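The structure appears right after this line, and notes come after that.
Just so you know, all these numbers are worked out from the coordinates, no wet-lab data involved. Small disclaimer: the values here were computed from a predicted structure and weren't measured. Don't worry about glycine lacking a Cβ; one is built from the backbone with ideal geometry, like all the others, and counts go over all protein chains shown.
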Amino acid sequence: MPSTVRSVYRPRLADARQTLQESFGFSEFRPGQEAVIDALLAGRNALAVMPTGSGKSLCFQIPALLLDGLTIVVSPLVALMRDQVAALKLAGVAADGIHSGNGRGENIEAWKRAAAGGARLLYMSPERLMTERMLAALKRLPIKLFAIDEAHCISQWGPAFRPEYADLSRLPELFPCVPIAALTATADEITRGDIAERLFGGRVEQFVLGFDRPNIRLTVTMKREWKRQLADFVARFEGMSGIVYCLSRRKTEECAKMLADRGIRALPYHAGMSAEEREANQNVFMTEPGVVIVATIAFGMGIDKADVRYVFHADLPASVEAYYQEIGRAGRDGAPAEAHMLYGLDDIRMRRQFIENEEAGDERKRREHKRLGALLGYCEAPLCRRAALLEYFGERIEACGNCDACLSPAEREDGTIEAKLILSAAKQTGEVFGASHLIDVVRGANTEKIARFRHDRLNCHGAGAGRNANEWRSLVRQMVAAGFLQIDIAGYGGIKITGKGRELASGAGEFLYRKDAVERKSKAERRQTRKQEQLLADRELTAAQAELLAALKALRLTLAQEREVPAYVIFADRALIEMALRQPRNEAEFATISGVGAVKLERFAKPFLAAINAGASAETNFPENYARHS
């Protein structure tokens, strides 16, 4: 008899599309997902750099369901693991997590299910995964895929390096036949190269999606009276949802109270609050319209709220990568949104201080200072701000027409004479005083400090009296950003002259600066604002639809609280908006809503259909523009 060879079936993209529809309720892949999934199903390693909100998780969750075995997912945050596991379970996917947020008994039960083949995905931190005991136990199981989320943590040059992640480089040697997916939203070329070399030894396919989010308008303003600036900005978005990022917990609380005192529904969110308080505020933000969340960087991971109309940075972020990731939480529905940042000289000083206080080597600190310098370059961009942002990630575009630098371009002026005056004041006062004192000196002020140090006798005293203090602060800030001056962190914030500054003082080169934009809109900005408002109006719900959406969000919250999960894991906002617009009347129609898979159809169709049938009014056609962005 002829011998027979048993063929091993390899899942194909057709299987992936079927799983996408049946398990997750989506009819089409988003850009980039299909290529990553295809590589993993074929047993190849993949490094995927995809913008926030682009659906990175599905890139490994779908292969996990198609490959006959267990997928290990490495994640840095307990809250993120818990939410993703809860969302998968609600979709009917067998998933578990082993982490410090569980009790010992819960972790033991999760391991037993995984070992018995009862889980397809098992989430854990790198610290828990890379113990000898855990690795030995996993070698006895049919591991089919490793997925490493927030992969930039692996790179020593990344913006959030974690030494625990570095140990993951042992995985290819320990599990030589198991493909690895590394995923991140923010990684420049150096960081990508470092991940590829450290984790994969260079043997990896890289998938880098375009970083542009053209619907988000980018604006940066010099920080003056931050409370007034924030209040004025938020007032423009009355009744809309937004996120305000602050550097400290104290400022977060202060900011939320200030907005609340002005009649704005603003809630704080930071790591100093209890988990119950954070979850309650997050649920309000996800469920109720017009809520502003004021947060530290503790907020945002895994949040999928479609209609965030703005992200406001009250303080300078840590890096271009952090800034990009945070603004990416705005405008996920494709409608116009705005990212606005305030920054000033004190922000630069604080960020430099943070870097110097970090327990890291000199090379790491040098990279972080360089990374901060790139962000300052973005803040001071004289031409298109979006082009400056995307160039950092290796992407080049023409002027965007949707940033303040494009809409209200500032002419660059020759400030060499003024720069030399500041350099002279810094030199004559010993390079130990801060910017405020140097400005007082050149403006000819007669403060107690000037009198005590006899700085009123210097030839630079009063030589710049023709400019006001704000103009001089802008000049000094831009000189620091351009590398002519530096803030002496060890010297308590004193201004020192750099080599580049000494060359300028000696007559070599020039200093070009731009006048800070006065906080009023140019004609181009007003036209663009009207255009944005019209686009939003075109997408607004009728009064009856808005009332129905509020009822659906209230139902979602009730169901989430019953299951002790965040509201957004029941259904994303875009699914509820689609329900309010289309108003399905039976299970067949409900099944066509984006995000309704087979298990969610079975579990949630009846209560949501009851709410829709109770609250629905006029028939509404599904707008084409919403379909494009869903």
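Structure values in brief
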item	result
Residues of type lysines that K112 reaches as a straight line, Cα spacing below 22 Å, ignoring anything fewer than 8 places off in the same chain	K89, K139, K144
Reachable aspartates and glutamates from K56, criterion Cα separation under 12 angstrom, eight or more residues apart if same chain	E34, D149, E150
Peptides 255-262, 143-150 ordered by average Cβ neighbours within 10 Å, highest first	143-150, 255-262
Those aspartates and glutamates that a straight Cα-Cα span of less than 19 Å connects to K227, excepting residues fewer than 8 apart in one chain	E238, E253, E254, D261, D315, E338, D346, D347, D516, E519
Value at 222 nm in deg cm²/dmol, rounded to 500, when DSSP H runs of n ≥ 4 in the chain each add -39,500 (n - 2.57)	-14000 deg cm²/dmol
In Hz, Karplus ³J(HN,Hα) per residue of the range 70-82 (6.51, -1.76, 1.60; θ = phi - 60°; x = Gly, Pro)	10, 10, 9, 10, 9, 9, x, 10, 4, 4, 5, 4, 4
Dipole-positive endmost among F604, H369, T287 within the chain (Cβ charges, Cα centre)	H369
Length-normalised contact order for the chain - Cα pairs under 8 Å, 6+ apart - percent	14 percent
Loop-located GluC sites (Glu not before Pro) in the range 455-510, at most 11 other Cβ atoms within 10 Å (DSSP)	E510
DSSP beta bridges in the chain [antiparallel fraction, %, rounded to 5]	10 percent
Size of electric dipole in the chain: Cβ of Lys, Arg +1 and of Asp, Glu -1, about Cα centre, debye, nearest 20	540 debye
Pairs from K370/K515; K427/K449; K553/K606 whose Cα-Cα separation, in the structure shown, is over 20 Å	K370/K515
Whole-Hz ³J(HN,Hα) from phi, Karplus 6.51 cos²θ - 1.76 cosθ + 1.60, for the range 341-346, glycine and proline x	10, 9, 7, x, 4, 5
Under 5 Å, built H, 5+ apart or other chain: amide partners of A182	A46, L47, A48, I148
Sequence-distant residues sharing a close amide H with I143 (under 5 Å, placed H)	L70
Dipole moment magnitude, nearest 20 debye, the range 1-153 about Cα centre, only Lys, Arg, Asp, Glu C-beta charged	440 debye
Mean Cβ count within 10 Å, highest first, over the residues of peptides 11-17, 41-47, 447-453	41-47, 11-17, 447-453
Ranked list, fewest to most other Cβ atoms within 10 Å of each Cβ, for D362, D346	D362, D346
Given (i) 1.01; (ii) 0.95; (iii) 1.10, the label whose value is Rg/Rh (Cα atoms, Kirkwood Rh) derived from this model	(i)
Highest average packing first - 110-121, 569-580, Cβ atoms within 10 Å	569-580, 110-121
